[in-house]
1. Being within 13 Å of the ligand (Cβ to nearest atom) and touching a strand residue (DSSP E or B) at 6+ places or on another chain (Cβ under 6 Å) is the filter here; which residues of segment 30-64 pass it?
2. Which residue pairs have Cβ atoms closer than 6 Å, lie 6 or more positions apart in sequence or on different chains, and pair a first residue in segment 129-147 that is assigned by TED's automatic domain parsing to the domain that holds residue 104 with a second residue that is away from the ligand (no atom under 11 Å from the Cβ) and not in a helix (DSSP H, G or I)?
3. Just to be sure I understand, how many residues within segment 17-29 are away from the ligand (no atom under 11 Å from the Cβ) and crowded, with 21+ Cβ neighbours inside 10 Å?
4. Taking segment 91-114 on its own, how many of its residues are modelled with pLDDT under 95 and either crowded, with 18+ Cβ neighbours inside 10 Å or near the ligand (Cβ under 8 Å from one of its atoms) (or both)?
5. Restricting attention to segment 206-240, and to residues there that are under 27 Å from residue 315 (Cα atoms) and assigned to a strand (DSSP E or B), which single residue is nearest to the chain's Cα centre (by Cα)?
6. So which residues in segment 134-172 are surrounded by 16 or more Cβ atoms within 10 Å (Cβ to Cβ) and under 22 Å from the mean Cα position of the chain (by Cα), if there are any at all?
7. For the condition surrounded by fewer than 19 Cβ atoms within 10 Å (Cβ to Cβ) and within 30 Å of residue 391 (Cβ to Cβ), what is the one hit in 351, 301, 315, 327?
8. Can you tell me which condition residue 74 does not meet? The list is (1) buried (at least 17 other Cβ atoms within 10 Å of the Cβ); (2) touching a helix residue (DSSP H, G or I) at 6+ places or on another chain (Cβ under 7 Å), and all the others hold.
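The values are calculated or read from the model by the stated rules, or taken from the named source; none is laboratory data. What you see is a predicted model; the values in this text were computed from it and never measured. All Cβ positions, glycine included, derive from the backbone under ideal geometry; neighbour counts span all protein chains shown.
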Ligand SMILES: Cc1cc2nc3c(=O)[nH]c(=O)nc-3n(C[C@H](O)[C@H](O)[C@H](O)COP(=O)(O)O)c2cc1C
């Protein structure tokens, strides 16, 4: 299976009928990328544009990317004399307005339906998601903010604009958020919230141990598995904290607490600081086993004619082992990246470290594990029950791990109830 096929297979947006409304803002050109990404994820996209949006971008672009006719005329019936705004809102699963102008927000907040898009918003019962973008002064105007509050109270979904350089030459809040973030929120809207009562701590990425100011010992972990776990736990409603080593990827949500660390010792301190408030700890980070015994403040120079040099290494703290000793009622999930005897080594680690679940993966296999978007793992529970998970995207694997966590939480709760 190709990576694109794996991504498409998993997305909550797959096979969904998505209506993308475009209004007359300068960020309208960015919506082309959103439509492209949505179709890549397997959604069927119908674009609706206001008359003013067409001053910025043309329907031709969106018709080409979405593969569907672009709608912008209010009084043109669909095939079979069907009324367009009713027909479209009836088949839709989600309506997203990107960018949403101050004008469109104001119209909907006040019940005005004078073009196709605003009329359809009135006619639909599916989630409507506004992604505003405008000049900072417009954004902070009392009228815009009051309209947004009114719409939020009525159940409409909103995303805050990002801050930065604006097209009008000023700087501040008002930029369209990154397309990745918009997609994440759209997926969020479709995800059932079954972890709302849980606080989840996730560690991710590699650690970096310095040899001297310019050299270090690290590993090939990209952070993708841990970021996927944090993202999915958040989507499912958990309160999430992510402790990350120096990963090379961006985290696509700004609504979780992220703690950045570099070394294994810093990772240990951060875990010990945050684990107490968590009911679930998922340790995906690839923590270096050793660090340099002596850290050199100056760059080490080549000395003499010898072809060899010796570095003396010292053991790093065993974070997961330490946590296993103080875990109490918490569910702890560990990862075992192995190159041989996968099942036996993982089972031994699960027992030795007092874990509830261990996720084992064969990092020697091509196309999975470190740096890859996919993984193929074995999930082993405390009872010894092992589940082989085939090649899937890391996000889907994260969801399967979270299902096992839910089961473990339920079991623990049941045991506690039986006891008392
Ligand atoms: C060059 C230019 C850029 C504009 N950019 C924005 C914008 O980013 N956000 C916004 O709310 N309005 C913006 N406006 C104002 C809207 O185009 C205007 O309020 C219009 O009535 C919106 O129509 P609509 O909501 O029906 O699409 C801009 C206007 C111009 C001339």
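1. 31, 48, 49, 53
2. Listed pairs, sorted by first residue: 129/96; 129/157; 130/158; 131/98; 131/159; 136/172; 136/173; 139/173.
3. Residues flagged as away from the ligand (no atom under 11 Å from the Cβ) and crowded, with 21+ Cβ neighbours inside 10 Å within segment 17-29 amount to 3.
4. Of the residues in segment 91-114, 1 are modelled with pLDDT under 95 and either crowded, with 18+ Cβ neighbours inside 10 Å or near the ligand (Cβ under 8 Å from one of its atoms) (or both).
5. So, considering only residues that are under 27 Å from residue 315 (Cα atoms) and assigned to a strand (DSSP E or B), the one nearest to the chain's Cα centre (by Cα) is 206.
6. 156, 157, 158, 159, 161
7. Exactly one residue qualifies, and that residue is 351.
8. The failed condition is (1).
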